[in-house]
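A short write-up of the structure that comes next.
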Amino acid sequence: MSFSDSVAPPVDVFYVVQNSGVLGAERGHCLRSALYDTQPPAETELARLRGADSGGRYGVWRSATYVEPAEWLHRVVRADGSLILRRLSGAEKLTDA
């Protein structure tokens, strides 16, 4: 896997969520995968998670952003295996003095 900083993040991403099955729960769904720029890798991860936990309630979701350029709170895995890491707002690089 390599890191891709020069390529713009995708506007749409796909990812796997797990439903807690608890009605009225404040947080009924949990993110269970990285974000993917295409649907097939998310479907592959869904199959892997279902195989490991047959009783779990999983599904693939799609999200779109209207912010330009697109920014996501989690890393995005491209089809070629490269990663787009989230920006660290307000972070500063520390150097040895």
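The values are calculated or read from the model by the stated rules, or taken from the named source; none is laboratory data. No experiment lies behind these values; they were computed from the predicted model shown. Cβ atoms come from the backbone with ideal geometry, glycine included; neighbour counts cover every protein chain shown.
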I'd like to know if segment 38-58 contains one or more residues that are in contact with a Leu (Cβ under 6 Å, 6 or more places away or on another chain) and at pLDDT below 90. no
Can you name every residue in segment 26-48 that is of a type in the set (D, E, K, R), outside any loop (DSSP other than H, G, I, E, B) and farther than 10 Å from Val60 by Cβ? Arg48
For residues that are surrounded by 14 or more Cβ atoms within 10 Å (Cβ to Cβ) and within 16 Å of Leu31 (Cβ to Cβ), scanning just segment 62-73, find the one that is modelled with the highest pLDDT. Thr65
Can you work out which of the residues in segment 1-10 that are at pLDDT 65 or above and either in contact with a strand residue (DSSP E or B) (Cβ under 6 Å, 6 or more places away or on another chain) or surrounded by fewer than 14 Cβ atoms within 10 Å (Cβ to Cβ) (or both) is nearest to Val60 (Cα to Cα)? Pro9
